[in-house]
Amino acid sequence: MYIRVSEIPGGGLDVFASRGQTSIPRILEGMDPAPLTKCRLTDADLVLTVESGEVWAEGSFAAEGEAPCDRCSEPVVVRFGKAFRSFLSPASRGPGGGGPVELHEEDLDVGYYDGTGIEVDDIFWEQVALELPVKVACSEGCRGICPKCGANRNREACSCEAAGTPGPFDVLKNLKGKKE
């Protein structure tokens, strides 16, 4: 959803109040939500305000996705969201020269737009990507899959010996004694 900066009134523009709530579930179409297999916005708010050509984007979102548990491979529904505030400046005012640029902490909330308009989908893609979970677990107490027999330890007890398999660093335990 592309919004021209010239269309944003002085008091700001509530994007979804003016453009309609029906576009919210489609905003993340085409985005790679890894490690999730599916991801969609369930709710979103965004207000754009302009001050001398620079745009403040203030909003929030709620999203839900699906992924297999990293421990037991069972399907998990993941819900997440956050409130955000971003500052967008015309690309012509951005760092130029093409050389190396050192970023400071205050630079991390700054984005750039083409000078004529804002792509709303890109704002949400960035915010959702920052909130995607690194690991997905069905529960804190998930016991995972047995590496020997493949049983899901959450559903059934496994009779395999847990201490019987050597670890990759067990060989190093005896090195000091052998060297002398």
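Values quoted throughout were computed directly from the atomic coordinates according to the rules given, and no laboratory measurement underlies them. Since we're looking at a predicted model, the values are computed, not measured. When we count neighbours, we look across all protein chains shown, and the Cβ atoms used for this are built from the backbone with ideal geometry, even at glycine.
Worth a mention:
- Whole-number D in µm²/s for the range 1-73 (Stokes-Einstein; Kirkwood sum over Cα pairs; 4 °C, 1.567 mPa s): 91 µm²/s
- FRET efficiency for the Ala17 to Phe87 pair, using the beta carbon distance and R₀ = 25 Å, is estimated at 0.70.
- Label-point gap, in nm, between Ser159 and Glu54 - each point 7 angstrom along Cα→Cβ: 7.0 nm
- Rg and Dmax of the range 2-131, both derived from C-alpha coordinates alone, stand at 16.7, 53 Å.
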